[in-house]
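The structure appears below as structure tokens.
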Amino acid sequence: MSLGLKRGTVELMPYDPEWARLFEQEKISIQDVLKDDALGIEHIGSTAIPGMDAKPILDLMVAVKQIDDYSEFMISLKKLGYSFMRDNRSEQEHILFVKGPDECRTHYLKLTTLGTRFWHEHLLFRDHLINHPDRAEAYRKLKHDLLRKFSDDRASYTNAKAAFIQDTIKLAELETSGH
């Protein structure tokens, strides 16, 4: 199975174990170009959750010490085919890089500072779904319901998942705090 999805559209593919292998390859490449600046590289999103149907786009999150001046990261990541897309620090504490042709992105790389809320929530969400198959199945069903409504409107599809994602993060936080 290959990666890539027409921009703006939604398509869900059955989980492919190849996604984990592709992540490991990409992780090594990113570590090679960012060197000691990469404090953590994580596979996030639905392609990181075994058994989860997902858009065939690999989501990665890279933690660095600081992202105030990310021009050096832009130069390094460009060597791997990544392009700067957007600076989301005002809303979500990350810088977005994309890989793949404009009409068919294959990778999303979110560059953030280690320990931010953004970093923490993405790992909580992923790990909670991996460890709670019932919750993961509810998410899978929600994604298919939303696909039927928003197959040509990725922004609406993504926005409609937000409440479920935030509820899952709250459940994960309660669980990790021992309540």
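The values are calculated or read from the model by the stated rules, or taken from the named source; none is laboratory data. Bear in mind the structure is a predicted one, so any value in this text is a computation, not a measurement. FYI the Cβ positions are ideal-geometry reconstructions off the backbone, even for glycines, and counts take in every protein chain you see.
Below is a table of values for the structure above.
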{"read-out": "Output for the stretch 1-41, where each listed residue is closer than 22 Å to residue 156 by Cα, out of contact with any helix residue (DSSP H, G or I) (no Cβ under 7 Å at 6 or more places or on another chain) and of a type in the set (S, T, N, Q)", "value": "none"}
{"read-out": "Subset of the stretch 1-57 (residues that are of a type in the set (A, V, I, L, M), farther than 19 Å from residue 80 by Cα and in a helix (DSSP H, G or I))", "value": "48"}
{"read-out": "Residue that is exposed (fewer than 15 other Cβ atoms within 10 Å of the Cβ), at pLDDT below 95 and within 20 Å of residue 44 (Cβ to Cβ), where the choices are 154, 117, 105", "value": "117"}
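Rundown of residues vs (1) touching a Phe, Trp or Tyr at 6+ places or on another chain (Cβ under 8 Å); (2) touching a residue at least 12 places away in the same chain (Cβ under 8 Å); (3) assigned to a helix (DSSP H, G or I), yes/no style:
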site: 119; (1), (2), (3): no, yes, yes
site: 130; (1), (2), (3): no, yes, yes
site: 137; (1), (2), (3): no, no, yes
site: 146; (1), (2), (3): yes, yes, yes
site: 165; (1), (2), (3): yes, yes, yes
site: 169; (1), (2), (3): yes, yes, yes
